[in-house]
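Notes follow the structure.
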Amino acid sequence: MAANNRRMSGKKGAQVGSGGQRRRGLEGKGPTPPAEMRKGHKKNRIATAKAKQVQRRPVARGRGGKGTSEMVVGRNPVVEALREGVPASTLYVQQFIDNDERVREALQLAAERGGINLMEAPRPELDRMTNGLNHQGLVLQVPPYEYAHPEDLAEAAYDEGEDPLIVALDGVTDPRNLGAVVRSVSAFGGHGVVVPERRAAGMTAGAWKTSAGTAARTPVARATNLTRALEAYKKAGIVVVGLAADGEAEIGELQALEGPVVIVVGSEGKGLSRLVGETCDFRVRIPMPGGAESLNAGVAAGIVLYEAARRRV
């Protein structure tokens, strides 16, 4: 009998008296992480190598230049950014993170989109990357936005056989307003938005989210000097129309909206700057019977773009 037991002990599988330890050892592990997150897996090695290549790659400069990279931190902000299609290059996930619903959704969205590197990092490294912000174990890297040149917007319109319809923002510093303007430009058949290089909102993750995905097809150009960019448009035969509370005419009276036009929108508080206002061919106002003193940039641009689109149909 003893000899028989020795022969049986060499076989594979659970043995009598294990007490189900193997079964219990498999419980509570949660869903299997993506291959890109599993150390030693081929896809994990490829993702790591790609991330290092991106970090070493020199930055290519477009005609309008590039912005700076940005980090979206926190579980809810990361999930919202991925839902809204905000461009992303890398999703950093903290090692040994509590795998809740938001973490699983972030991993799923990143995997479904493709082109996003999944990187596992220890908490101290994520703390360093985010300057100590409460990242909750998730950090999404947004690559620099590649801006167009102001001339590109007009050229693209003419290439399509259309008169340019462009919005320029003067002193608008809230990225959400920029995103709202981009959305309106896309909705009413405009050809892009121009922003100054300094002291102005840029295409951040917040602007992308507010644009509701339209930033992917509506270019934003950056001008080193907005006044000179507007003067260049005028030399090219494009009418420059500035919105001002004390404008000489109402927007509904302006026939220039039927042709090539740049609509300049100032900040809600200060309006158009002096030099920009002097550069405009026309300064017009939006009638407001309700008595409001001003509209924010996104709403004002939407009203004028609607009027322009209505006249062009």
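Assorted remarks:
- Solvent exposure, largest accessible area first (probe 1.4 Å, DNA, RNA and ligands not counted), of 170, 127: 127, 170
- Peptides 146-152, 98-104, 270-276 ranked from most to least packed give 146-152, 270-276, 98-104, packing being the mean of other C-beta atoms within 10 angstrom over each peptide's residues.
- Nearby aspartates and glutamates by direct alpha-carbon distance to residue 66 (threshold 13 angstrom, same-chain neighbours under 8 apart not counted): 146, 197
- Computed over the stretch 142-254: relative contact order in percent, which uses C-alpha pairs under 8 Å that are six or more apart: 28
- Computed extension gain for residue 197 through residue 212, at 0.36 nm per residue and net of the alpha carbon distance, reaches 3.1 nm.
- Modelled spin-label separation between residue 99 and residue 112, with each label point placed 7 Å from Cα along the Cα-to-Cβ direction: 1.9 nm.
- Note, ³J(HN,Hα) from phi for the stretch 90-98, Karplus 6.51, -1.76, 1.60, rounded to Hz, x at Gly and Pro: 8, 10, 8, 10, 5, 4, 6, 6, 5
- Projecting label points 7 angstrom from Cα along Cα→Cβ for residue 131 and residue 258 puts them 5.2 nm apart.
- Heavy atoms of the protein chains alone define the surface here; on that basis the stretch 159-219 has 41 Å² accessible area per residue at 1.4 Å probe size.
- Distant-in-sequence amide H partners of residue 221 (H built 1.01 Å from N, under 5 Å): 148, 193, 194, 195
- Percent RCO, i.e. relative contact order, over the stretch 192-232, from Cα pairs under 8 Å lying at least 6 residues apart: 59
- Per-residue HN-Hα couplings for the stretch 204-216 [Karplus 6.51, -1.76, 1.60; θ = phi - 60°; Hz; x = Gly/Pro]: 8, 4, x, 5, 4, 5, 5, 6, 6, x, 6, 5, 6
- Using the Cβ-Cβ distance between residue 234 and residue 311 with R0 set to 22 Å, the FRET efficiency from 1/(1 + (r/R0)^6) comes to roughly 0.60.
The values are calculated or read from the model by the stated rules, or taken from the named source; none is laboratory data. Keep in mind the model is a prediction, meaning the values are calculated, not measured. When we count neighbours, we look across all protein chains shown, and the Cβ atoms used for this are built from the backbone with ideal geometry, even at glycine. In case anyone asks, the SASA skips ligands and DNA or RNA and just uses the protein heavy atoms, side chains included. Shrake-Rupley method; radii C 1.70, N 1.55, O 1.52, S 1.80 Å.
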